[in-house]
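Below is one structure, written out as structure tokens; comments come after it.
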Amino acid sequence: MPDSIDSVARLRQRALWTRRAVLAGLALALVAGHALWPEAVPLTHGLSLALGFGLAMWWRRRPDRVRIGRTHRTTEVVVQDISTLRQAFAVLKQQVSATITTSETAVMSMMERMNRVHYRALDLRTRVVAAVERSHSLSADSLSRAGEHGVAIDSLAVHQQRFEEARKQNQDRVRAVADQVRQLMPLAALIADISRQTNLLAINASIEAARAGREGAGFKVVAAEVRRLSTQTTEAARQISEGITAAAQTIDEQVNAASQIDEDSSAHQLSEIAQHIQTMSATLSDVVPYLSELSTNMDTGMTEVTTDIIDTLGDMQFQDINRQLLEQINHALSSLSDHFSQLYHLIDGEAPPPPVMLEELLSLWTQNYVMHSQRRAHAQALGQSIPEPEVVRVPDAAAANSAADDQEARGLTLATSHGPRIELF
Amino acid sequence: MKTILVVDDSVTMRKSIQMSLELSGFQVTLAADGAEALEKLQAGLRPDMLLTDIMMPRMDGLSLIREARKLLRFTPIVALTTQGQREMRDRAKLAGATAWMIKPVGGLELARILAEHLGVVLPEPGQAPGPTPNAG
């Protein structure tokens, strides 16, 4: 089709220039004839012919607008729309460029955010690891101290046990003393009995002294004195008895009080403290492996987070591929714009037909396609059969294969692979 | 720490590769096209690897590979591009490239392949500090 249009245009151009050459040659011949034979060949003939040629040239330079449709109005509408198409393509190109810029900005922002996420995670891990190490150190220190405290408590318990034994021995001794004191009570009674008998004896002596009369006066004084002594002795015996009772009672009270203390003995409390220390040590022993596990989990989590971030960054390379796809669309829009500009000039008669017809231009676009999705979209739009994706496998690289599977799943299979995706030369 | 000179005209590609590689334990220097990369090499930059796109303004990847090979005789030069044509690969190989990779190459996959190509062992992900984030 383009060849036929080109050949018709070329034939029209050749015929035009042939006519121009004949007319110019004739005008020159008339002017030359007038110079040689002025009478036979008037100058006006040559000048008229030259003027006619000039007018013809001017006329041919005027746009020879191709008529489209049945009326000039149709031609005007088509020409006007084709002339506006360049602006329409410019708008579309601008929109595509804006889309590239927007996606680029968004991807950059996402990458920066991921970077910050990584830094915060790294900072958090550093803090947790430091806290774990500190806790580890504190736990070890506490365990050591707990051990020392345990030993001290054990030592205290031994001392307390000995003290308790000594105290009980003392209590027993005190009880023995109390018993000994109580054993003095019969002596007081004996003194009181002696006193009473002495009193009776003094009374009898007084009676006998009274009988003796004057001779018994001295004896009477002695008997009175003995009786007074007897009374004092009775009083002393009573006081001794009361003193013994009070002393024994006081000793009993002290011993009973000491026995009461025995029930809440320090040894018992020490035993409880030792038990608490053992419990604390056991708890701390449980904490140490937990802290180690926490540290390991933190490292594992950090590795997973970083792996995900790195892989996501790799996925963001698709923005660059999309950018290239959009740039190809921009390029296609430019070629369409140029094509319609050429059509516009063709209709206006100012230029030959475009060097490439639109159908050929469409097929030229496929040469730049990188993705299978591009080829598929192209074929679908034109109602052609959809080409099979050309997936290239790397025989000994499982990772590369899985990556190729990923791409296939996302419809981003490469369209023009002519070798492995990753090739070490 | 191995240094990789990354050359790509796409700012998102540069950033994506930079972050992926730095998080994987590499040090990264960036250039926006072949001409800028060549200027850096001529100024004395000696990376352990050159990773370059092919289609770029000012100086394309093939020209960069050709010129860089004169300065970096034994340094691995890897092309990372959307182009897959055999003819283009052959030209790159002839110019001095040592590997050809077609985008997209996942972040960890890219780091592992480059590490293997360089003969280095990478730390576990999450151990490297990564790039410094911008404020905000």
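From the set of residues in the range B:102-111 that are touching a Leu at 6+ places or on another chain (Cβ under 7 Å) and within 8 Å of B:S24 (Cβ to Cβ), which is farthest from the other protein chains (Cβ to nearest Cβ)? Restricting to residues being touching a Leu at 6+ places or on another chain (Cβ under 7 Å) and within 8 Å of B:S24 (Cβ to Cβ), the top hit is B:A111. Count of the range B:57-72 residues, restricted to those that are out of contact with any Ser or Thr (no Cβ under 6 Å at 6 or more places or on another chain), crowded, with 24+ Cβ neighbours inside 10 Å and not β-branched (V, I, T), is 1. For the range A:165-172, the condition of being closer than 21 Å to A:E242 by Cβ and either loosely packed, with under 15 Cβ neighbours inside 10 Å or touching a residue at least 12 places away in the same chain (Cβ under 8 Å) (or both) holds for none of the residues.
Tell me, yes or no, whether the range B:74-85 has at least one residue that is surrounded by fewer than 16 Cβ atoms within 10 Å (Cβ to Cβ), more than 12 Å from every other protein chain (Cβ to nearest Cβ) and over 28 Å from A:S109 (Cβ atoms). Scanning the range B:74-85 turns up at least one residue that is surrounded by fewer than 16 Cβ atoms within 10 Å (Cβ to Cβ), more than 12 Å from every other protein chain (Cβ to nearest Cβ) and over 28 Å from A:S109 (Cβ atoms). Criterion applied to B:A115, B:A111, B:A97 was being within 16 Å of the chain's Cα centre (by Cα), within 23 Å of A:V370 (Cβ to Cβ) and in contact (Cβ under 8 Å) with a residue 24 or more places away in the chain, and the one residue passing it is B:A97. Quick check on the range A:306-339: of everything there that is facing another protein chain (nearest Cβ under 7 Å) and of a type in the set (A, V, I, L, M), which residue is nearest to B:M55 (Cα to Cα)? For the range A:306-339, the residue satisfying everything is A:I321. Looking only at the range A:311-357, residues that are among the β-branched types (V, I, T) and more than 19 Å from B:V11 (Cβ to Cβ) come to 3 in all. Return yes when A:Q367 is under 30 Å from A:T105 (Cβ atoms) and within 14 Å of chain B (Cβ to nearest Cβ) and no when it is not. The answer is no for A:Q367.
Filtered by the rule that a residue be within 14 Å of A:S83 (Cα to Cα) and of a type in the set (D, E), the range A:315-349 gives A:D338, A:D348.
What are the residues in the range A:272-298 that are over 13 Å from A:S142 (Cβ atoms), among the acidic types (D, E) and modelled with pLDDT under 85, if any? Passing the criteria: only A:E272. Given the structure, is B:K93 in contact with a Phe, Trp or Tyr (Cβ under 7 Å, 6 or more places away or on another chain) and surrounded by fewer than 19 Cβ atoms within 10 Å (Cβ to Cβ)? Judged against the criteria, B:K93 is a match. Scanning the range A:288-305 for residues that are surrounded by 12 or more Cβ atoms within 10 Å (Cβ to Cβ) and away from chain B (no Cβ under 12 Å) yields A:V288, A:Y290, A:L291, A:S292, A:L294, A:S295. Inspect the range A:126-141 for any residue being surrounded by fewer than 14 Cβ atoms within 10 Å (Cβ to Cβ), within 14 Å of chain B (Cβ to nearest Cβ) and part of a helix (DSSP H, G or I) and give the result as yes or no. There is at least one residue in the range A:126-141 that is surrounded by fewer than 14 Cβ atoms within 10 Å (Cβ to Cβ), within 14 Å of chain B (Cβ to nearest Cβ) and part of a helix (DSSP H, G or I). Number of residues in the range A:345-365 that are in a helix (DSSP H, G or I) and at pLDDT below 85 equals 3. Within the range B:79-100, being at pLDDT 90 or above and either in a loop (DSSP other than H, G, I, E, B) or among the hydrophobic types (A, V, I, L, M, F, W, C) (or both) holds for B:A79, B:L80, B:A92, B:L94, B:A95, B:G96, B:A97, B:T98, B:A99, B:W100. Out of all the residues in the range B:20-29, is one or more assigned to a helix (DSSP H, G or I) and touching a strand residue (DSSP E or B) at 6+ places or on another chain (Cβ under 8 Å)? Looking for residues that are assigned to a helix (DSSP H, G or I) and touching a strand residue (DSSP E or B) at 6+ places or on another chain (Cβ under 8 Å), one finds at least one in the range B:20-29, hence yes.
The values are calculated or read from the model by the stated rules, or taken from the named source; none is laboratory data. Predicted, not measured: the structure shown is a model, and the values here were computed from it. We place every Cβ from the backbone using ideal geometry, glycine too, and count neighbours over all the protein chains shown.
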